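Structure provided below as structure tokens; questions to follow.
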Amino acid sequence: MTPVQRSIFYSAIERYGNLLLFFVSTAILARLLDPWEFGVYAVVGALVSIIGLAFQEFGGANYLIQKAELSRENIRTAFTVTFALSAAAGAMLFLLAGPAARFFEQPGLQAGIAFSTLNFLLTPFVATVTALRRRSMDFRTLAWCNLAAAVVGAVTSVSLAFLKFSYMAPIYGGIVGNVVLTAVLLVRHRDLTVFRPSLADCRDVLRFGLYSAGVVIINLFYNFAPQIFLARVLDFNSVGLYTRAETIAQVFDRLVLQVLNPVIMPAIAAQKSAGADLRRVYLDAVRLLSAVQWPALLFIGIMAPSIILLWLGPKWLDIVSLVRLLCLARMAFFAACLSYPIFVAVGRVRDALITSLISLPPSLLVILGASFFGVEAVAASALFTLPFQALVAISVIMRRLEIRWQELAGNLTSSLVVTALTGAGVMACASLIEAGAVGAAPGLIAAGLLGGLCWWLGLTITGHPLMSQLHQAFDSLSPLLARSRPGDSRL
């Protein structure tokens, strides 16, 4: 098994373990909390993420990962800059908690934001150690540390929800989980000298962070804009409904992209160092991703009623149309996870900021206008905004890598066939559920089996390269599983 495949394997262990915890905890919390409570929690998370991650990116993990020659002074400076900006951001957000609560006319926001700022003191440690582990492709250590923290955080959230802590339950759970993650990472890392303050390479860190943080700020604000606009224009009930719909539409991201994302940037950096043709790397990756993403989103959209009924409960069935609109729109994002790593690899991180500045402001205006017409209009606006953003990013990348549109279309044809065959099988099962011939649970299982069979048939008929990748992965899996026990970790 290659280092990249091994990294993906351990990343998958972590993400799927987290995903299982997420499914279980969300199912329980959805029955203990009302939509407006989820709405408050979502807005707190949006405000904290926009400010926190943007400031931290100035020092940021991406700088440590992409730097060709990394010295101890680089690490110390990156940590120092990250910690200073993160602490400043936390202090600023703490002071803004009261005004934010008054702006959104929701007093509960103040306590949620104030307590969430505790994470700002912990995240610089987590980000630095995580970046160093990712750079060395040590995803096994990251997997066990993140899983341990996730278990503690999920148990804390559910326990406090049972004790009627309302929207503060998942907020407290997130803080406790972050404390555990920081502790276990520091214990594993051992070398605490990298956290000594230093500004020796400050200019180099900030130069990279200027563009990187700009990309993070505008993309984070866009991602959380629907919740913020709905909270201000409509109500927190609408925020809760939209957030849950988005959670379901992003299941593919949690199943696949969140497994690949930590690996993509260091893997592309390694390919570049080895002299690989980035043009071919990009086209091959697009072909593989589309063959998984498109069928998965189609499955989620078609089976949305059954998924919502079984996962969240009947009181959330109003979001079926929202889920379907968001799934359809997200199909345009088949290459989104590759954009930033490719820009960094070709030395054009500024292009990532430029594409965001071109595509996201118009998209924000569309979302803002749609919010005055209701939550379904906001979901429908994604049918314009997401394809527009994808088109801008892909156009710039194709120009940098000298790829023609005919080449890209040719790489996607087989994935379209695979998606169509998968959809046919899933639709057959959905029709049986609609007719009352089978229940939601048996129908969902049957749709998964038949859809999976049709997906495999599509890959076989088209000779899709994903089949050979799957065969290689399965051939390498058995010996790696035997060495993946936590007790065997060698650091």
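Under 6 Å between Cβ atoms, at least 6 apart or on separate chains: pull out the pairs that start in region 404-424 with a residue that is in contact (Cβ under 8 Å) with a residue 12 or more places away in the chain and end on any residue that is surrounded by 17 or more Cβ atoms within 10 Å (Cβ to Cβ) and small (Gly, Ala, Ser).
Leu412/Ser290; Ser415/Ser290; Ser415/Ala291; Val417/Gly458; Val418/Ala291; Val418/Gly458; Leu421/Gly458; Thr422/Gly451
From the list Leu241, Leu257, pick out the single residue that is in a helix (DSSP H, G or I) and modelled with pLDDT of 70 or more. Quick ask: steps written out before the conclusion?
Working: Leu257 fails: modelled with pLDDT of 70 or more.
Exactly one of Leu241, Leu257 is in a helix (DSSP H, G or I) and modelled with pLDDT of 70 or more, namely Leu241.
Can you find even one residue in region 133-148 that is among the aliphatic types (A, V, I, L, M), modelled with pLDDT under 85 and open to solvent by 30 Å² or more (accessible area, probe 1.4 Å)? First the steps, then the outcome.
Step one: list which residues in region 133-148 are among the aliphatic types (A, V, I, L, M), which gives 137, 142-143, 147-148.
Still in the list and also modelled with pLDDT under 85: 137, 142-143.
Now drop any that are not open to solvent by 30 Å² or more (accessible area, probe 1.4 Å), which leaves 137.
Within region 133-148, one or more residues are among the aliphatic types (A, V, I, L, M), modelled with pLDDT under 85 and open to solvent by 30 Å² or more (accessible area, probe 1.4 Å).
Given the criterion touching an Asp or Glu at 6+ places or on another chain (Cβ under 9 Å), over 19 Å from Ile218 (Cα atoms) and not in a loop (DSSP other than H, G, I, E, B), identify the matching residue among Arg324, Arg287, Arg279, Arg330. Before you say what the answer is, go through the steps one by one.
Working: Arg324 fails: touching an Asp or Glu at 6+ places or on another chain (Cβ under 9 Å); Arg287 fails: touching an Asp or Glu at 6+ places or on another chain (Cβ under 9 Å); Arg330 fails: over 19 Å from Ile218 (Cα atoms).
The unique qualifying residue is Arg279.
Any residue in region 175-188 that is part of a loop (DSSP other than H, G, I, E, B) and open to solvent by less than 40 Å² (accessible area, probe 1.4 Å)?
Just the residues of region 175-188 that are part of a loop (DSSP other than H, G, I, E, B), to begin with: none.
Scanning region 175-188, I find no residue that is part of a loop (DSSP other than H, G, I, E, B) and open to solvent by less than 40 Å² (accessible area, probe 1.4 Å), so the answer is no.
Shifting gears a bit: Taking Leu85 as the residue in question, decide whether it is of a type outside the set (D, E, K, R) and modelled with pLDDT of 75 or more. Break it down stepwise before answering.
On the way: of a type outside the set (D, E, K, R): yes; modelled with pLDDT of 75 or more: yes.
Yes, satisfied.
Please find, among Ser321, Ser306, Ser339, Ser290, the residue that is of a type in the set (S, T, N, Q), buried (at least 20 other Cβ atoms within 10 Å of the Cβ) and over 21 Å from Leu408 (Cα atoms).
Details: Ser321 fails: buried (at least 20 other Cβ atoms within 10 Å of the Cβ); Ser339 fails: over 21 Å from Leu408 (Cα atoms); Ser290 fails: over 21 Å from Leu408 (Cα atoms).
Residue meeting the stated conditions: Ser306.
If I ask for residues that are outside any helix (DSSP H, G or I) and farther than 17 Å from Tyr41 by Cα, which ones from region 70-120 would you list? First the steps, then the outcome.
In the first step, residues of region 70-120 are kept if they are outside any helix (DSSP H, G or I); the result is 70-71, 104-107.
Leu70, Ser71 - these are the residues of region 70-120 that are outside any helix (DSSP H, G or I) and farther than 17 Å from Tyr41 by Cα.
Residues in region 449-459: is at least one modelled with pLDDT of 60 or more and not in a helix (DSSP H, G or I)?
The initial filter retains those residues of region 449-459 that are modelled with pLDDT of 60 or more, namely 449-459.
Then keep just the ones that are not in a helix (DSSP H, G or I); that gives none.
Within region 449-459, none of the residues are modelled with pLDDT of 60 or more and not in a helix (DSSP H, G or I).
If you check Glu376 against the conditions, is it of a type in the set (Asp, Glu) and surrounded by fewer than 16 Cβ atoms within 10 Å (Cβ to Cβ)? Explain how you work it out, then say what you get.
Values: of a type in the set (Asp, Glu): yes; surrounded by fewer than 16 Cβ atoms within 10 Å (Cβ to Cβ): no.
No; evaluated as a whole, the condition is false for this residue.
If Val418 meets every condition in (1) within 20 Å of Met331 (Cα to Cα); (2) more than 27 Å from the chain's Cα centre (by Cα); (3) surrounded by 13 or more Cβ atoms within 10 Å (Cβ to Cβ) apart from one, which number is that one?
Val418 satisfies all of (1) within 20 Å of Met331 (Cα to Cα); (2) more than 27 Å from the chain's Cα centre (by Cα); (3) surrounded by 13 or more Cβ atoms within 10 Å (Cβ to Cβ) except (2).
Can you name the condition, by its number, that Leu383 falls short on among (1) more than 19 Å from Gln293 (Cβ to Cβ); (2) open to solvent by 40 Å² or more (accessible area, probe 1.4 Å)?
(1)
For region 434-441, state whether one or more residues are assigned to a helix (DSSP H, G or I), crowded, with 17+ Cβ neighbours inside 10 Å and of a type outside the set (A, V, I, L, M, F, W, C). If you could, list the steps in order and put the result at the bottom.
Taking region 434-441 first, the residues assigned to a helix (DSSP H, G or I) are 434, 440-441.
Narrowing the set further to residues that are crowded, with 17+ Cβ neighbours inside 10 Å leaves none.
Scanning region 434-441, I find no residue that is assigned to a helix (DSSP H, G or I), crowded, with 17+ Cβ neighbours inside 10 Å and of a type outside the set (A, V, I, L, M, F, W, C), so the answer is no.
The values are calculated or read from the model by the stated rules, or taken from the named source; none is laboratory data. In this text the structure is predicted, and so the values were computed from the model without any measurement. All Cβ positions, glycine included, derive from the backbone under ideal geometry; neighbour counts span all protein chains shown. Keep in mind that these areas ignore ligands, DNA and RNA; they rest on the heavy atoms of the full protein, side chains included. Shrake-Rupley method; radii C 1.70, N 1.55, O 1.52, S 1.80 Å.
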